[in-house]
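**Q** What follows is a single structure, and I will ask about it in a moment.
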Amino acid sequence: MAANNLLMISLAVLLLALIGPSRATDFEVGADDGWIVPPAGQADTYNEWASKNRFLLGDSVHFKYKKDSVMVVTEEEYNKCASAHPIFFSNNGDTEVHLDHPGLFYFISGVTGHCERGQKMAIKVIGPNAPPPAPPAPQQPSGAAPAAVGSAVAVAVAAMLLPVILRDV
């Protein structure tokens, strides 16, 4: 019985180690191009990029730009592409915004006309109690399990084992 308990505890510890702590991500807005006015006909560039990413509480977004600015604004100001009193303003060319609360963040350029031409972005930050993301479309060779599935299985197994371990202790 004691060997069985030791095995169960070791397995639970191993599974928890595989899950590991979550780490914050620093997202580079605009990748190599940086924070610029999108080309004509591509006004949704930044929102399309944002929709392909999962922003979690504690992550940050990093803007690199020249002769421009970044403002965090309200939804109303985002829709109007104007703000007299932004929540946050920076024009130093290298701005990092820490995503410190769940919910929506609205970003616009502070240069006249840039926001209207598509230099704006809305992102949704997910808090700790958010549901897990939908599984991605299968893109791996058959037989390969995605990492997210492995983590979910590890959590499920650990959740099942914990009551057994505690009951037998």
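Nothing in this text is a laboratory measurement; each read-out follows from the coordinates by a stated rule. All of these numbers come straight from a predicted model, not from anything done at the bench. When we count neighbours, we look across all protein chains shown, and the Cβ atoms used for this are built from the backbone with ideal geometry, even at glycine.
**Q** Using a simple spin-label model with points 7 Å from Cα along the Cα→Cβ vector, what separation in nm is obtained for residue 82 and residue 126?
**A** It works out to 3.7 nm between the two label points.
**Q** List, in order, the whole-Hz ³J(HN,Hα) value for each residue of segment 81-96 obtained from phi through the Karplus relation with A = 6.51, B = -1.76, C = 1.60 and θ = phi - 60°; use x for Gly and Pro.
**A** 6, 7, 8, 7, 9, x, 5, 8, 9, 8, 9, 8, x, 8, 10, 10
**Q** Check residue 96: other-chain or 5+ apart residues with amide H under 5 Å from its amide H, H built from backbone geometry?
**A** Under 5 Å from the amide H of residue 96 lie the amide H atoms of 63, each far enough along the sequence or on another chain.
**Q** Here is a further query. In whole Hz and in residue order, list the ³J(HN,Hα) couplings for segment 42-59 that follow from phi through the Karplus curve 6.51 cos²θ - 1.76 cosθ + 1.60, θ = phi - 60°; x for Gly and Pro.
**A** 10, 4, 8, 3, 6, 6, 5, 4, 4, 5, 8, 10, 10, 9, 10, 3, x, 5
**Q** Which aspartates and glutamates have a Cα less than 15 Å from the Cα of residue 67, not counting those fewer than 8 places away in the same chain?
**A** Those aspartates and glutamates meeting the cut-off are 33, 94.
**Q** Follow-up. Using only the Cα atoms of segment 35-80, what do you get for the radius of gyration and for Dmax, in Å?
**A** Expressed in Å, the Cα Rg and Dmax of segment 35-80 come to 12.2, 33.
**Q** Follow-up question, since we're still on this one. Starting at the first residue of segment 118-127, write each ³J(HN,Hα) from the Karplus equation 6.51 cos²θ - 1.76 cosθ + 1.60 with θ = phi - 60°, in whole Hz, x for Gly and Pro.
**A** x, 8, 7, 7, 10, 10, 10, 9, 9, x
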